[in-house]
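This report refers to the structure that appears directly beneath it.
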Amino acid sequence: MMMKHPVTVRKDEKLGRTFIDYYKNKDKENFRFQALDHLLGKKSFFMVINTNFCCTVDNSVPRDNIKVIERYVKDAGYQHTVMPIENTNRKSIFGIFTKKEQNNPSYKIGFIIPEGHFNRDIFDRIFGIYDVEMGIGFVKDEEETFEDFRKGYFDSFFDKEYFTYGLFNAINFHKIVTDLEVDGAYMTSI
């Protein structure tokens, strides 16, 4: 009986994106780090964490998590911005959404990780409980890109006007989506 591999790599030619599913991998965190390390290489990238995408992993308060992440990126000297955004999360009880409005605001923090700075420490400290979006390969000047993000001129990291490549990592679904060239043999060997 042939055993299925714990990682699947599927290219969607229509979208031009590759989907890396690692939900069956027993060591998800280590796989995630190695996959991102391989995909990012030593490139600089723009990263965004949106608190609407998670906080279900540990039921933490978005404001507190953003403060911790902001302190880390500020101490590291990375250019960053924190923006309040509409809270789109609704609590559910037994799968039925409640009508009560959320009191906790939501945020998104955007920051630029300089070339060669992605490592296990930054992964452990800020990639922990949120889905992350990354723009790789700046098309425009980094300062101009940062300012346009801060002003809300773009919202997708797959926007070719700003980035050569985009990457989204959904930690709850154990999936990486990217338009980077992916070596499927390498991903399934991690």
Report task. Between Asp141 and Tyr23, with labels modelled 7 Å along Cα→Cβ, what's the label distance in nm to one decimal, could you check? Result -> 4.5 nm
**Report entry** Label point distance in nm, Tyr153-Leu15, each placed 7 Å from Cα along Cα→Cβ
**Finding:** 2.7 nm
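Go through the stretch 141-174 and name the trypsin sites (Lys or Arg not before Pro) that are in a DSSP coil and have 13 or fewer other Cβ atoms within 10 Å of their Cβ. If you can, show how the numbers build up before the last one.
Numbers: sites: Arg150, Lys151, Lys160; in loops: Lys151, Lys160.
The qualifying sites are Lys151, Lys160.
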Report summary line: With the 1.4 Å probe rolled over protein heavy atoms, the stretch 97-190 has an accessible area per residue in Å² of 50 Å²
Query - Eligible aspartates and glutamates near Lys28 by straight Cα distance, threshold 20 Å, same-chain separation 8 or greater - result: Asp37, Asp58, Asp121, Asp124, Asp131, Glu133, Asp183
**Report entry** Kirkwood Rh (inverse of mean 1/r, distinct Cα pairs), the stretch 114-164, angstrom
**Finding:** 12.3 Å
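Cross-link list Lys24/Lys108; Lys74/Lys140; Lys43/Lys108; Lys11/Lys108; Lys42/Lys151; Lys14/Lys175: which exceed 25 angstrom alpha carbon to alpha carbon? Let's see the in-between values first.
Details: Lys24/Lys108 29 Å; Lys74/Lys140 23 Å; Lys43/Lys108 22 Å; Lys11/Lys108 29 Å; Lys42/Lys151 28 Å; Lys14/Lys175 19 Å.
Flagged as over cut-off: Lys24/Lys108; Lys11/Lys108; Lys42/Lys151.
The values are calculated or read from the model by the stated rules, or taken from the named source; none is laboratory data. In this text, all values refer to a predicted model and were calculated from it rather than measured experimentally. Because the Cβ atoms are built from the backbone with ideal geometry, glycine has one as well, and the counts that use them run over all protein chains shown. Just the protein is used for accessible areas: all its heavy atoms, side chains included, with ligands, DNA and RNA removed. Shrake-Rupley method; radii C 1.70, N 1.55, O 1.52, S 1.80 Å.
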